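Bear in mind these aren't lab numbers, they're just calculated from the coordinates by the rules spelled out. Quick caveat, the model's predicted, so the values are computed rather than measured. Virtual Cβ from ideal backbone geometry, glycine too; neighbours counted across all protein chains shown.
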Amino acid sequence: MDFDLPPDDDPRRLAVRDWIANHPDPTPTDLARAGYTAPHWPAPWGLDADPEHQLIIDQELASIGIDNVGVSIGLGWAGPTILTGGTTAQQQRWLPGILDGSEQWTQLFSEPDAGSDLASLRISAVRDGDEYVINGQKIWSTWADQSQWGILIARTDPSSLEEGDRRQRGISYFVVDMDTPGIEVRPIIEMTGGNHFNETWFTDVRVPVDCRIGPENEGWRLAKVTLGNERLSLSHGGVIWGMGPVSDDLFAFVKDELGSIDDPVLRQKAARVYTEKRLIELFGLRMMTMALGGNDPGPFASIRKTLADEHGQSITTLMKDLRGAHAMLGEQNEHTEEDDVWHWSYLFSRALTIGGGTSEVQRNIIGERLLGLPKEPG
């Protein structure tokens, strides 16, 4: 790894500072119009920024407390896919609301019998003139109950389901208006007491042809774009899926509330968590170096995601241990993020090693794409 942070007088830093001076309290729309929400996206949506330039923008905005739009399904998943396979009209239709955060998105991929083996999905999309009629069920639809739009993959060639390894040939990719008649969203109540996840049912849902992204029956290629960005985003954006540097919060708690850790076993656990944190940070810099060198860091996102997911569980478990037995009750009877963020995080972190591709799937990717091992037998 060979990575030096750009100097303080780098012209790209100065340009961001000049913009901040003229926009001291920027709105999400201001950030989007400046290209700062997704600077790596091509113009006119971003700045065609390389990873180093992205880092500069993030640092300069964060240095004065400007919160950019965080990791979201729209920004991290849907947007890159629409950029890759969408028409100019589709990009103009959906990217502005993604960039300024005014529209929320959900991902409609997994099904009860098609999770890790996503290519076995059964939801159908049948062409009827200028529309597709969609029937079937999706599950684990994050924020489907509060989203305006969804990215959906559905089977447009039912015969492809019987083609074994070629099942993905008959899948198409759609954007769906979540207010369309025939869509029913049912919440899945988690052990946190809340619901990020939902079941989504489609009954004769009509989706216009111009909401299909890319050619018919070729949606699997775009689904892989989405999944690749999902794993990169989840490995990149905070060990509790966008909650920020929670390991820093843990050590701030130790310093401010406890002063020190007297129990030698807990002290060793804390040392292990800190070591994990530093390794993940260094691995992120390694990925940055690869990107700057023109290499694809995508497969390495599987390593970082696997490390970060388990790290998130280690952090929340350690915090429970440090706070004592009463911490298992939470600060209030309602186990919500607002009541007791650490109790909520401890319960929610059980999902980390499942969502976005299970740790087992990530290890298969690592073995096959990085180590050159043969594929797992079917």
Positive-end residue, the chain charge dipole about Cα centroid, Cβ charges, pick of G182, L95, L227
L227
Under unit Cβ charges (Lys, Arg +1; Asp, Glu -1), what dipole magnitude, rounded to 20 debye, does the range 156-210 have relative to its Cα centre?
100
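Multiply the residue separation of T203 and D8 by 0.36 nm, subtract the distance between their alpha-carbon atoms, and state the gained length in nm to one decimal.
64.5 nm
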Local net charge near F202, Cβ-Cβ under 9 Å (Lys/Arg +1, Asp/Glu -1)
-1
Which one, T156, T275, A78, is farthest towards the positive end of the dipole of the chain when Lys and Arg carry +1 and Asp and Glu -1 on their Cβ?
T156
Burial order of peptide ranges 150-158, 263-271 (average beta-carbon count within 10 Å, highest first):
150-158, 263-271
Using Cα atoms only, what is the angle between the long axis of helix 219-236 and the major principal axis of the chain, expressed in degrees (0 to 90) to the nearest 10?
10
Given just the C-alpha atoms of the chain, how large is their convex hull per residue in cubic angstrom?
163
List the extent of the Cα atoms of the range 104-217 along each of their three principal axes, largest first, rounded to whole Å.
41, 30, 21
About the Cα centre of the chain, what is the dipole size in debye to 20, counting +1 per Lys and Arg Cβ and -1 per Asp and Glu Cβ, all else neutral?
1040
Sorted by packing (mean other beta-carbon atoms within 10 Å per residue), highest first, where do 76-85, 352-361 land?
76-85, 352-361
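Cα-Cα over 27 Å: which of K138/K320; K255/K320; K269/K305; K224/K375; K138/K224; K277/K320? Mind showing how you got there, number by number?
On the way: K138/K320 34 Å; K255/K320 16 Å; K269/K305 21 Å; K224/K375 18 Å; K138/K224 18 Å; K277/K320 18 Å.
The answer is K138/K320.
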